[in-house]
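To start, the structure under review is shown below, and the notes come after it.
Each value in this text was obtained by applying a stated rule to the coordinates, not by laboratory testing. Being a predicted model, the structure only gives us computed values, none of them experimental. Cβ: placed from backbone, ideal geometry, glycine included. Neighbour counts: every protein chain shown.
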Amino acid sequence: MLNLIIHNENKEQKNKLDRMIEKNEKLLEEAKAGENCYADSQGWLDTKEWADEQKLCRLETLANEIRENADAFVLIGVGGSNNAARSVIEALKPEGAPEIIYAGNTLSPDAMKRMLKKLEGKSVYIDCIAKNFETLEPGSSFRVLRKYMEKTYGEEAHKRIIATGTVGSSLDQLCTKYGYTFLEFPLNVGGRYTAMTNVGLLPMAVAGIDIRALVEGANDMQKLVHTQEANENIAYQYACLRNLYYEEGYRVEMLASFEPQFRYFYKWWIQLFAESEGKDNKGIFPVASEFSEELHSVGQFIQDGSQIMFEIFLDVVQKNASLVVESDAKEDYFDYLDGKDFWDINKAAYHATVAAHSQKIPCLTFEVGALDAYHFGQLFYFFQFACYLSCKIMGVNAFDQPGVEAYKKWMFDALGK
Ligand code: PA5
């Protein structure tokens, strides 16, 4: 299970945290029970609602069919409709699975042409994922890709087209009319909370990810944070800590890890917190850094710049690889590494970084058991629940996105919709 370490807590801080935990206890109980006012957005709260046995079987059957026939699978979607799947696929995709190509997340013609080029000569399937199917990026890319599929596969194209949309939406109607496979996008789950639904799970299953392990991880985390009392509940403690740091004036939270495989998980995490919490002129700005690489750039700011941020590390516990430094007669002055394993060198860098940074800013670590599907499932549920709690403490609605809707309207106006 996820383990939380607070690196630089003094007595005064501990007392403040205890008070915060006590003061907001009622909010934890409300979140566990689910709230009527958010009933249209809390379908993720019980993982089984959208990832039960029947739904998993259907997804596996469809994914196997695609895996048998496809060299490439195009995931068309933006934001919550692609981030969860991409984060797991890019971290864990086994060899031999169809290539996963991302589309519907840009309007750049150059990027779109590059994406189309990748499809040449391959057996392609596409999945357009969109909750309301008005969003410009996936909608316009879906049209471009449908044309590609029709040109390439003619009358057979519809057999290779899947769409994940809400029941009754224009996307659903398009599927009925033209014979595309339709998957339900849960009406009661907002995009950024859809990891454990058709939205996240189909692309992952096509990529050969063990979606049952993922769902099991989410289920286990769900059980944990729904049963732990306030003073031991890690999701609630993290939510309280964030709010404590916010009260103390910290406005930026940095997520960092020494495992580059978390690269796209950062995007998911950033979206979750930015879109859920950044409203009503409140919120903590989420950023992320890939260590050790970015210790050589933003590391300077963290160590020595204005103290606007606190930092969370994801530290993977189970050793997943080994590479030992061989000795070398050529004098390069790196002999102090002879015989050492990069696993331990990387760990030493992590411990040194925590020691250095925690002199300056608040630092937390989440120890993640292993880099596998099960633990990704835990992370998704953990951060979703913690984000919801954090928003409740801050007094904002975790599930709407008025700012995103506002900018979309400006784009539609600019394009004469
Ligand atoms: O989390 C959210 O609600 C958003 O980020 C959406 O996922 C994103 O805007 C894409 O929306 P849609 O699926 O309707 O195209």
May I ask you to derive the relative contact order of the chain, considering only C-alpha pairs under 8 Å and at least 6 residues apart, and to give it as an integer percent?
23
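Taking Rh as the Kirkwood radius computed over C-alpha pairs, what is the Stokes-Einstein D of the range 152-251 at 37 °C in a medium of viscosity 0.692 mPa s, expressed in µm² per second?
D = 193 µm²/s.
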What length, rounded to one decimal in nm, is gained on full extension from residue 143 through to residue 30, with 0.36 nm per residue of separation minus their alpha-carbon distance?
36.4 nm
Can you give the FRET efficiency for residue 229 and residue 11, using 1/(1 + (r/R0)^6), R0 = 22 Å, r = Cβ-Cβ distance, to the nearest 0.05?
0.45
About the Cα centre of the chain, how large is the charge dipole given +1 on each Lys and Arg Cβ and -1 on each Asp and Glu Cβ? Please answer in debye to the nearest 20.
1440
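Taking only Cα atoms of the range 313-410, what ratio of Rg to Rh do you get with Rh as the Kirkwood inverse-distance radius?
Values: Rg = 21.0 Å, Rh = 17.7 Å.
Taking Rg over the Kirkwood Rh, I get 1.18.
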Scattering profile of the range 1-137 from the Debye formula, Cα beads only, expressed as log10 I(q)/I(0) at q = 0.10, 0.19 Å⁻¹, is -0.59, -1.22
In the structure shown, do any of 147/177; 177/408; 16/223; 26/223; 11/282; 93/177 have a Cα-Cα gap over 25 Å, and if so which?
177/408; 16/223; 11/282; 93/177
The chain: angle of helix 53-69 to the longest principal axis, Cα-based, in degrees nearest 10
70
Summed residue charge, Cβ within 12 Å of residue 243's Cβ, Lys/Arg positive, Asp/Glu negative:
+2
Any idea what angle helix 136-153 forms with the longest principal axis of the chain, computed on alpha-carbon atoms, 0 to 90 degrees, nearest 10?
50
About the Cα centre of the range 94-171, what is the dipole size in debye to 20, counting +1 per Lys and Arg Cβ and -1 per Asp and Glu Cβ, all else neutral?
180
Relative intensity, log₁₀ I(q)/I(0), of the range 23-95 from a Debye sum that treats every alpha carbon as a point, q = 0.11, 0.14, 0.28 Å⁻¹:
-0.48, -0.71, -1.29
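Given a cut-off of 18 Å, what percent of all Cα-Cα pairs of the range 200-310 lie beyond it?
65
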Is it possible to state the helix-based mean residue ellipticity at 222 nm for the chain, with each DSSP H run of 4+ residues giving -39500 (n - 2.57), the sum divided by total residues, to the nearest 500 deg cm²/dmol? What is it?
-15500 deg cm²/dmol
Residue among 218, 164, 148 farthest towards the positive dipole end of the range 136-224, charges placed on Cβ
148
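Order of 388-396, 284-292, 6-14 by packing, highest average Cβ count within 10 Å first? Please report the intermediate quantities before stating the final value.
Values: 388-396: 21.2, 284-292: 18.7, 6-14: 12.7.
Packing proxy ranking, top to bottom: 388-396, 284-292, 6-14.
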With no solvent term and unit scatterers on the alpha-carbon positions of the chain, Debye gives log₁₀ I(q)/I(0) at q = 0.07 Å⁻¹ of -0.36
When the charge dipole of the range 346-417 is computed with +1 on Lys and Arg Cβ and -1 on Asp and Glu Cβ about the Cα centre, the Cα farthest towards its positive end, among 358, 348, 379, belongs to 358
Quick one: which residues, 5+ away or cross-chain, put their amide H under 5 Å from the amide H of residue 105? H built at 1.01 Å from N.
77
So how do 206-218, 339-351, 65-77 stack up, highest first, on mean other-Cβ count within 10 Å?
206-218, 65-77, 339-351
Please name whichever of 246, 399, 414 sits farthest to the positive end of the charge dipole of the chain, dipole taken about the Cα centre and charges placed at Cβ: Lys and Arg +1, Asp and Glu -1.
414
Ordering of 305-317, 188-200 by burial proxy (mean other Cβ atoms within 10 Å per residue, highest first):
188-200, 305-317
Whole number please: convex hull volume per residue of the Cα set in the range 83-206, in Å³?
105
